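Below is one structure, written out as structure tokens; comments come after it.
The values are calculated or read from the model by the stated rules, or taken from the named source; none is laboratory data. As the structure is a prediction and not an experimental result, all values here were calculated from the model. Virtual Cβ from ideal backbone geometry, glycine too; neighbours counted across all protein chains shown.
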Amino acid sequence: MSTLSDFAENACMIKLVRQSSGAYTPVSQLYVTYCTSNPGDAATGANCNEMPNSFSYARAAITFGAPASRRVTQSGTVTFPQITGSLGTATHYAIVDSATWGTGNVLGYGPLLESKVLASGNTPTIASGELYAQITALSGFGLSTYAAEGLLNWMFRNQTFTISANALGLSTATMSDASTGATVTEPSGGSYSRLTLNAPGGASPAWASVSGNQGSNANIWQFALATAGWGTVVSAFVADSATAGAGNILIYDNGITDQTVGTGDPVLYPQGSFVIRIN
């Protein structure tokens with residue numbers, strides 16, 4: 001299983017909030033490196049502990065199948081060039097977006113199922129299905145399955161994943177990873193409507209610029225005052241549509257403090273209090 005790098009997590013956050021600065025453009029072909037030790041979250045193509053650039057060692061192309069169960073899985077055997085000398089022992093791998101040794105971005109990394117001694121005459125391979133990248137489901141909050149699989153499909157398969165809008169909504173029933181804009185139980189009437197969120201740098205209400213794989217609200221996010229009761233709000237979410245009952249859920253949180261909203265009650269997030277992080 002691949003752990004996403006800090007670079008990949010940050011790129012996914014930027015994608016979610018529609019930030020233009022620092023936006024990542026996926027490549028059409030990804031590659032696997034062999035590493036002599038754990039690359040770590042901060043790894044790059046230049047410092048991922050890659051095997052020496054000698055004895056015919058080279059990165060090998062890898063492809064992934066369509067996402068399922070919040071993961072994309074290696075499709076087909078990965079075959080490296082035949083080694084012409086002793087390179088040492090590989091214990092880990094990294095998935096990178098460049099074929100050139102020492103360059104590019106690390107998107108994911110992890111331990112090999114078993115260490116591989118790269119000796120002269122060896123043609124190393126990684127069996128189909130051995131590597132996969134996954135965004136693990138959390139309990140009662142986090143990325144929806146729709147968002148997790150869309151981001152993986154975008155980053156690891158170079159497939160279009162369009163997030164045309166962000167809107168903050170509320171639910172009077174707990175949500176799940178599979179919740180959609182049509183199945184979430186939103187307040188009805190009383191002037192309730194989702195709150196349209198602008199990208200970083202936009203007019204209030206807007207996201208702050210992504211930093212350290214994290215996004216937050218750059219200013220106060222406040223719903224219109226209720227003109228009738230909304231019921232008890234138990235969950236909040238961000239969808240890709242400002243229309244109640246429509247669109248896809250991107251992120252959600254059942255862990256908010258329950259709030260019974262009556263006529264004239266304000267519902268808001270103070271600046272910096274709505275925080276999401278991919279980690």
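Selection of the range 170-185 for residues being crowded, with 21+ Cβ neighbours inside 10 Å and more than 21 Å from CYS12 (Cβ to Cβ) yields LEU170, SER171, VAL184. Examine the range 256-264 for a residue that is small (Gly, Ala, Ser), in a loop (DSSP other than H, G, I, E, B) and closer than 30 Å to LEU107 by Cβ, and state whether such a residue exists. No, there is no match, as no residue in the range 256-264 is small (Gly, Ala, Ser), in a loop (DSSP other than H, G, I, E, B) and closer than 30 Å to LEU107 by Cβ. Annotation for the range 10-26: no member residue is assigned to a loop (DSSP other than H, G, I, E, B) and over 30 Å from LEU138 (Cβ atoms).
Within the range 58-65, identify whether any single residue is hydrophobic (A, V, I, L, M, F, W, C), in contact (Cβ under 8 Å) with a residue 12 or more places away in the chain, surrounded by fewer than 17 Cβ atoms within 10 Å (Cβ to Cβ) and not assigned by TED's automatic domain parsing to the domain that holds ILE251, and answer yes or no.
Step one: list which residues in the range 58-65 are hydrophobic (A, V, I, L, M, F, W, C), which gives 58, 60-62, 64.
Cutting the leftovers down to in contact (Cβ under 8 Å) with a residue 12 or more places away in the chain gives us 58, 60-62, 64.
This time we only want the ones that are surrounded by fewer than 17 Cβ atoms within 10 Å (Cβ to Cβ), so: 58, 61.
Now drop any that are not not assigned by TED's automatic domain parsing to the domain that holds ILE251, which leaves 58, 61.
Among the residues of the range 58-65, at least one is hydrophobic (A, V, I, L, M, F, W, C), in contact (Cβ under 8 Å) with a residue 12 or more places away in the chain, surrounded by fewer than 17 Cβ atoms within 10 Å (Cβ to Cβ) and not assigned by TED's automatic domain parsing to the domain that holds ILE251, which makes the answer yes.
When SER37 is tested against (1) touching a strand residue (DSSP E or B) at 6+ places or on another chain (Cβ under 8 Å); (2) closer than 30 Å to ASN217 by Cα; (3) of a type outside the set (A, V, I, L, M, F, W, C), just one condition goes unmet, and that condition is (2). Consider the range 15-31 and keep the residues that are surrounded by fewer than 22 Cβ atoms within 10 Å (Cβ to Cβ) and among the hydrophobic types (A, V, I, L, M, F, W, C). The one that is farthest from SER209 (Cα to Cα) is VAL27.
Go through the range 220-257 and count every residue that is free of Cβ contacts under 8 Å to residues at least 12 places away in the same chain and buried (at least 19 other Cβ atoms within 10 Å of the Cβ).
From the range 220-257, those free of Cβ contacts under 8 Å to residues at least 12 places away in the same chain are 257; that's our starting set.
With buried (at least 19 other Cβ atoms within 10 Å of the Cβ) added as a condition, the list becomes none.
Number satisfying all stated conditions: 0.
Here is a yes/no grid of residues against (1) among the β-branched types (Val, Ile, Thr); (2) out of contact with any Cys (no Cβ under 8 Å at 6 or more places or on another chain); (3) in contact (Cβ under 8 Å) with a residue 24 or more places away in the chain; (4) part of a strand (DSSP E or B):
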{"position": "VAL72", "(1), (2), (3), (4)": "yes, yes, yes, yes"}
{"position": "ILE83", "(1), (2), (3), (4)": "yes, yes, yes, no"}
{"position": "PRO111", "(1), (2), (3), (4)": "no, yes, yes, yes"}
{"position": "SER115", "(1), (2), (3), (4)": "no, yes, yes, yes"}
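The residues of the range 154-169 that are farther than 21 Å from ALA23 by Cβ and either aliphatic (A, V, I, L, M) or surrounded by fewer than 22 Cβ atoms within 10 Å (Cβ to Cβ) (or both) amount to a single one, LEU168. The set of residues in the range 239-262 being within 16 Å of THR172 (Cα to Cα) and more than 21 Å from the chain's Cα centre (by Cα) consists of ALA244, GLY245, ILE256, THR257, ASP258, GLN259, THR260, VAL261, GLY262. Can you pull out the residues in the range 174-216 that are assigned to a strand (DSSP E or B) and among the β-branched types (Val, Ile, Thr)? Across the range 174-216, the qualifying residue is only THR196.
Please count how many residues of the range 84-120 are of a type in the set (Lys, Arg) and either closer than 20 Å to LEU30 by Cα or within 26 Å of the chain's Cα centre (by Cα) (or both).
The first filter runs over the range 84-120 and keeps only residues of a type in the set (Lys, Arg), leaving 116.
If we keep only those that are either closer than 20 Å to LEU30 by Cα or within 26 Å of the chain's Cα centre (by Cα) (or both) too, we end up with none.
Adding up the residues that qualify gives 0.
Would you point out which residue out of GLY212, GLY201, GLY264 is surrounded by fewer than 13 Cβ atoms within 10 Å (Cβ to Cβ), out of contact with any Pro (no Cβ under 9 Å at 6 or more places or on another chain) and either closer than 23 Å to ALA23 by Cβ or outside the structural domain of ASP177 (by TED's automatic domain parsing) (or both)? From the options GLY212, GLY201, GLY264, the qualifying one is GLY212.
Residues that are among the polar types (S, T, N, Q) and at pLDDT below 95 do occur in the range 3-17. When restricted to residues that are surrounded by 18 or more Cβ atoms within 10 Å (Cβ to Cβ) and within 10 Å of TRP101 (Cα to Cα), the range 44-57 contains 4.
Which of the following residues is at pLDDT 95 or above, assigned to a strand (DSSP E or B) and not polar (S, T, N, Q): LEU225, LEU250? Break it down stepwise before answering.
Details: LEU225 fails: assigned to a strand (DSSP E or B).
Answer to the selection: LEU250.
Within the range 106-117, restricting attention to residues that are surrounded by fewer than 18 Cβ atoms within 10 Å (Cβ to Cβ) and not charged (D, E, K, R), the residue that is nearest to ALA58 (Cα to Cα) is VAL117.
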